[in-house]
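Working notes for the structure below.
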């Protein structure tokens, strides 16, 4: 977890994510890449307004504005930590995902306001798109919190035994914060299993992956999303760690993603990892 990317639109949430990432970098002795993406409007050339000239001027002005804001937040929060700041042009989520691959990033830390109602249903948030497609873990932050306060991490699981890559990443996260891991199975009416069976599966799951400093839990709720959120609030946990299938296209529209729903609606930091099936 040495190379950390922070997408930055200079919103309050992005600044909160930057502050938390600075603490992470100090902890792991890594490096930060602070990236602003400028999405240019679509222009149509006319006799009165040559598009190419207008866009070139606009791009220079927007880049200069971003660099000025970079300097301001690095001066205010960066201290002695080296921060590489970059301005990109294009669609936000696509530009960020390309940057992750091209620069071999290890983690994305990004702020999010979440999304609700029709916006969430139709286009979602940039955080949601990056969570779904990122090749590396993504930590979504709504507000800054001191790393020392992260003592309890919720790990919702379907208890399948073929997710070694996900479990390995979660155990690394737990070790980083020296936290207690709360493994939870959300029992819903649509996918109901008796507690006596689920408890046995939880114990087998924990033993198979040799977890330490953990609890196992069955939590009943109407839906998986609300179950994760309500369980987190019930035990007063500080972070959620979840795997996502990273479904795309029609499969995503039909089945959605519990992880993305939780990202949009939970207040505490949520760490996500897209695992292979």
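Looking only at helices (runs of 4 or more DSSP H) that fall completely inside the range 97-185, which ones have 1 or more residues that are in the same structural domain as residue 263 (by TED's automatic domain parsing) and either surrounded by 14 or more Cβ atoms within 10 Å (Cβ to Cβ) or at pLDDT below 90 (or both)?
On the way: elements: 117-122, 126-133, 164-177.
In the range 97-185, the matching helices (runs of 4 or more DSSP H) lie at 164-177.
Considering only the range 22-31, state which residues are under 11 Å from residue 1 (Cα atoms) and either in a helix (DSSP H, G or I) or without any contact (Cβ under 8 Å) to a residue 60 or more places away in the chain (or both). Full working, then the answer.
First, the residues of the range 22-31 that are under 11 Å from residue 1 (Cα atoms): 24-25, 27-31.
Residues satisfying the conditions are 24, 25, 27, 28, 29, 31.
Restricting to the range 27-41, count the residues that are at pLDDT below 90 and on the phi < 0 side of the Ramachandran plot. Give the derivation first.
Within the range 27-41, the first condition is being at pLDDT below 90, and the residues that meet it are 27-30, 38-41.
Those left that are additionally on the phi < 0 side of the Ramachandran plot: 27-28, 30, 38-41.
Count: 7.
Within the range 198-214, is there a residue that is without any contact (Cβ under 8 Å) to a residue 24 or more places away in the chain, in a loop (DSSP other than H, G, I, E, B), out of contact with any strand residue (DSSP E or B) (no Cβ under 7 Å at 6 or more places or on another chain) and at positive phi?
Yes; the residues of the range 198-214 include at least one that is without any contact (Cβ under 8 Å) to a residue 24 or more places away in the chain, in a loop (DSSP other than H, G, I, E, B), out of contact with any strand residue (DSSP E or B) (no Cβ under 7 Å at 6 or more places or on another chain) and at positive phi.
Report the residue count in the range 239-277 for those that are modelled with pLDDT of 55 or more and on the phi > 0 side of the Ramachandran plot.
Number of matching residues: 1.
Residue 58 fails exactly one of the following numbered conditions: (1) modelled with pLDDT of 90 or more; (2) over 27 Å from residue 137 (Cα atoms); (3) surrounded by 12 or more Cβ atoms within 10 Å (Cβ to Cβ). What is the number of that condition?
Checking residue 58 against (1) modelled with pLDDT of 90 or more; (2) over 27 Å from residue 137 (Cα atoms); (3) surrounded by 12 or more Cβ atoms within 10 Å (Cβ to Cβ), the one that fails is (1).
For residue 193, indicate whether it is in the same structural domain as residue 234 (by TED's automatic domain parsing) and under 16 Å from residue 167 (Cα atoms). Full working, then the answer.
On the way: in the same structural domain as residue 234 (by TED's automatic domain parsing): yes; under 16 Å from residue 167 (Cα atoms): no.
Considered against the rule, which asks whether it is in the same structural domain as residue 234 (by TED's automatic domain parsing) and under 16 Å from residue 167 (Cα atoms), residue 193 comes out as no.
The values are calculated or read from the model by the stated rules, or taken from the named source; none is laboratory data. Computed from a predicted structure; not experimentally measured. Every residue, glycine as well, gets a Cβ built from its backbone with ideal geometry; the counts of neighbours run over all protein chains shown.
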